[in-house]
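What follows is a single structure, written as structure tokens, with notes after it.
The values are calculated or read from the model by the stated rules, or taken from the named source; none is laboratory data. Bear in mind that the values here come from a model prediction, so they are computed numbers and not experimental data. Positions of Cβ are backbone-derived with ideal geometry, glycine not excepted, and every protein chain shown enters the neighbour counts. The accessibility values were calculated without ligands, DNA or RNA, using every heavy atom of the protein model including side chains. Shrake-Rupley method; radii C 1.70, N 1.55, O 1.52, S 1.80 Å.
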Amino acid sequence: MSTSESTAERLIESTRELLWERGYVGTSPKAILERSGAGQGSMYHHFKGKPDLALAAIRRTAEQMRATAEGVLRGPGTPYERIEAYLLRERDVLRGCPVGRLTMDPDVVASDELRAPVDETLDAIRELIAGIVEEGKEQGQFASRLDGEEIAAAILATVQGGYVLARASGSPTAFDAGVRGLLSLLAPR
């Protein structure tokens, strides 16, 4: 990796971390440069400005979140076991979701370009889960009356809402309770 690529990488990774910690509004170019250790002109050498760098960081975060979810959801096991593995996978619950966090940022939500990777990632995960629910219905593991899209939306809402409740209370207890409750509702009879 060349020095130029290395600097661009540090800028993207630093921006990813800052977006997760502070959101878009709270992430200043100065903070990005300090975190990355890059020189003052580096950001503008590699990116058009903060929105361009933030977009690269958001895309990277979204790609990683999607890859992690797909790795678990496409893994071995029955449909229920794969959903269970997704819900129980290791997470930094108190830190929240790096992608979901962006939906609370008014500047990200107001920008079609910045919001697109967030929306696309959540849609892709929802579609994958819906397909797994339908697969479970075909196998007789889930009740035929269940709607895959609705269950997938409930799963994502439980995860994202669980992050919010855990952060609000300063404890992962609410997240864990939501996951356990959802799994008990989905458990094959």
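For residue 79, neighbours were defined as the other residues whose beta-carbon sits under 12 Å from its Cβ, and their charges (Lys and Arg +1, Asp and Glu -1) total -2.
Taking Cα atoms only, the orientation of helix 112-138 departs from the longest principal axis of the chain by about 20 degrees. Using only the alpha-carbon atoms, how far is helix 50-73 inclined from the longest principal axis of the chain? Give it as 0 to 90 degrees, nearest 10. It works out to around 30 degrees.
What FRET efficiency comes out for residue 25 versus residue 88 if R0 is 41 angstrom and r is the Cβ-Cβ distance? Round to the nearest 0.05. In this case the efficiency is close to 0.80.
The residue 147 and residue 48 beta-carbon pair, evaluated with R₀ = 35 Å, returns a calculated FRET efficiency of approximately 0.20. Relative to the longest principal axis of the Cα atoms of the chain, the long axis of helix 148-169 makes an angle of roughly 60 degrees. With all protein chains kept in place, the per residue accessible area of the chain amounts to 51 square angstrom at a probe of 1.4 angstrom. Each Lys or Arg adds one and each Asp or Glu subtracts one; over the other residues with Cβ under 13 Å from the Cβ of residue 147, this totals 0.
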